[in-house]
1. Please give the length that would be gained between residue 309 and residue 96 if that part of the chain were fully extended, namely 0.36 nm times their separation in residues minus their C-alpha to C-alpha distance (nm, one decimal).
2. So what are the ³J(HN,Hα) numbers for the range 104-121, from phi and the Karplus equation (6.51, -1.76, 1.60; θ = phi - 60°), rounded to whole Hz, Gly and Pro as x?
3. Please state the charge dipole magnitude for the range 97-199, taken about the Cα centre, from unit charges on C-beta atoms (+1 on K and R, -1 on D and E), reported in debye and rounded to the nearest 20.
4. Can you list the residues, at least 5 places off or on another chain, whose amide H is less than 5 Å from the amide H of residue 297, using H built in the peptide plane?
5. Listing 183, 263, 159 from the residue with the fewest other Cβ atoms within 10 Å to the one with the most, what is the order?
6. How much length, in nm to one decimal, is gained on full extension between residue 78 and residue 180, taken as 0.36 nm per residue of separation minus their Cα-Cα distance?
7. Which pairs, out of 18/160; 18/191; 39/297; 36/197; 36/265, put more than 30 Å between their alpha-carbon atoms?
8. For residue 141 and residue 332, what is the calculated FRET efficiency with R₀ set at 25 Å and r taken between the beta-carbons, to the nearest 0.05?
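Derivation of every value follows stated rules applied to the coordinates shown; laboratory data play no part. It should be emphasised that the depicted structure is a prediction, and the values quoted were computed from it without experimental measurement. Note that we place each Cβ from the backbone using ideal geometry, even for glycine, and neighbour counts take in every protein chain shown.
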Amino acid sequence: MLEQVRTGLLGSEPDLRKVGLDPNFWYPMLVAKDLKKGKAIPVSFAGEPIVLVRTQSNKIYALENRCAHRQMPLSFGIVTGERLRCCYHGWAYDEFGRPAVPYLPDGAPPPRGVRVYPCRTAYGLIFVFPGNAALAERVPLPSLTSFHSNDYVTTCFSRKIACHYSFIHENLMDMNHQFLHRRWMGKFQPKLLAFRKGPGFVEVDYTFDSLEGIFGRLQHMAAMYGRPGKEPRAEASGHRAEYDGDVMTVATHYPYQSLTLHRPKLDGPLLQLWVAYVSADREERMNRPCGVLLIRKPAIRLLAYPLRTFFQYFVDAIFEEDRFALEAEQRAHDMQGADWNQEILPFILELRALLMSAGITASTRVDLSAAS
């Protein structure tokens with residue numbers, strides 16, 4: 001597979017930027033608080049329209065966003081009690097996708113309903129299983145154990161970015177792109193410590209030096225959590241090494257990605273970003289990063305929320321610069337008609353191989369959709 005990825009760099013097939021997300025996972029579609037009681041919001045997965053509904057009793061469910069009658073998007077409708085009523089002819093759908101027709105003739109058989117998507121709420125996000133519903137119970141939700149700890153301040157987020165999801169995975173994992181953020185990061189110097197790979201995952205460890213810029217100030221603020229970082233002590237074989245200094249780990253555990261900042265002698269991470277990149281359109285050129293940012297509360301708890309505000313401002317600024325670069329990458333790919341990127345880092349090549357092997361082709365997506 002790795003050799004196929006190298007071949008793809010020369011502009012021949014297979015092209016990772018044309019590989020779709022495997023739908024047989026739980027994907028966060030929306031920040032839960034954004035769906036108010038008695039409302040419906042449209043979302044989508046790889047071009048498949050989905051409507052999320054929160055009923056008057058606070059139940060949340062997900063349906064195909066097309067009325068079985070005239071294909072009107074159900075998201076234009078109104079929530080009445082526990083049902084979503086189509087705005088066109090008033091057909092009302094329950095959580096099982098079954099329609100109630102207010103003018104159904106006597107003796108007429110009830111019409112077919114609409115597709116129901118398995119739906120769960122966790123970590124402040126609404127997750128949908130867009131693949132084969134029969135698999136949903138066997139596929140676990142991602143594990144974010146720190147989310148429930150009182151030691152962390154959490155922020156849920158959802159964004160939009162016009163590029164293929166693979167570009168975003170590569171962007172976050174390759175910390176050398178921090179030159180793009182030099183206005184904020186100052187002289188940020190990432191140092192590769194180790195990388196690991198295995199079935200379904202690629203992980204990279206960095207340490208870093210930064211004495212200027214906002215990132216440098218963040219490092220000084222981190223002194224509230226423990227002693228300053230030092231050079232790494234040693235590297236273990238086959239698992240995450242033990243280090244004396246601060247370590248940033250970027251991991252793709254398909255299809256999710258995380259960034260975790262570890263600090264010596266601190267029980268649990270100092271900072272953790274968990275995110276999924278949800279393709280919205282059928283061509284998978286429009287993406288919705290959706291996830292959670294967890295920040296460790298300092299010893300002086302009154303500083304926790306000002307610190308979150310500062311981090312949020314910092315993350316927003318970094319994201320806008322990343323969006324600029326990633327959308328430029330996507331435009332170049334579309335103009336060239338192939339992936340001309342000349343990648344040199346072994347762990348990024350391994351990441352590409354993972355995304356290639358775990359993803360699906362357009363024809364496979366059709367087969368999966370028919371099976372569901």
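1. That works out to 72.6 nm of additional length.
2. Per residue, the Karplus-derived 3J(HN,Hα) values read 4, x, 4, x, 6, x, x, x, 5, x, 10, 5, 9, 9, x, 9, 9, 10 Hz.
3. On the way: 13 positive and 5 negative charges, 82 e Å.
So the magnitude is around 400 debye.
4. Hits under the 5 Å cutoff: 152, 153.
5. Values: 183 11, 263 21, 159 16.
Result, fewest neighbours first: 183, 159, 263.
6. So the extension gain works out to 32.2 nm.
7. Numbers: 18/160 19 Å; 18/191 32 Å; 39/297 34 Å; 36/197 41 Å; 36/265 41 Å.
Those over the limit are 18/191; 39/297; 36/197; 36/265.
8. Details: r = 36 Å, r/R0 = 1.43.
In this case the efficiency is close to 0.10.
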